[in-house]
Amino acid sequence: MAYQLILLLHVFVAVCVIALVLVQQGKGATTGAAFGSGASQTFFGSRGSGSFLFKVTAVFVAVFFITSIGLNYMGTRAYKQQAAVSMPFVPPAK
C-alpha cells in the first residue's frame, strides 16, 4: 500500500516538475525589462516570478529525488524477500 502511494506521489511530482520547468522563462527573457516593459508592476514584485518559481521547482525536485530513492529501496527489499522465499528446496540425491 505504501509503495503505491509513494509511486503516485512520485508521478505527480514528476508532472509538476515538468510543468514548472516549461512555465519558467529563460535568462534572456528579462532583457525586455531594461527597455521599459514594466517588470516592477508584476504580482511577484520587481524581481518577477523567477525566484519564486525557482524555489518551488527546487522543492519539487528534492521531493522527486527522495521518492526515487525510497521507491528504489522498497523495490530492492521486496525483490530480495521474493528471491529468498521463491527458491525451492531441493533435497540432496541419495
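The values are calculated or read from the model by the stated rules, or taken from the named source; none is laboratory data. The structure presented is a predicted model; accordingly, all values stated were derived computationally and were not measured. Neighbour counts are summed over all protein chains in view; Cβ atoms, including those assigned to glycine, are modelled from backbone coordinates with ideal geometry. Remember, those area values only see protein heavy atoms, side chains included, never the ligands or the DNA or RNA. Shrake-Rupley method; radii C 1.70, N 1.55, O 1.52, S 1.80 Å.
Of note:
- 3J(HN,Hα) couplings calculated from phi for the stretch 59-68 with the Karplus curve 6.51 cos²θ - 1.76 cosθ + 1.60 (θ = phi - 60°) are, in sequence order, 5, 5, 5, 4, 5, 4, 5, 5, 5, 4 Hz; Gly and Pro show x.
- Per-residue surface analysis assigns Y73 an accessible area of about 140 Å², computed on protein heavy atoms at 1.4 Å probe radius.
- Pair Q25, L71: separation of 7 Å Cα→Cβ label points (nm): 3.4
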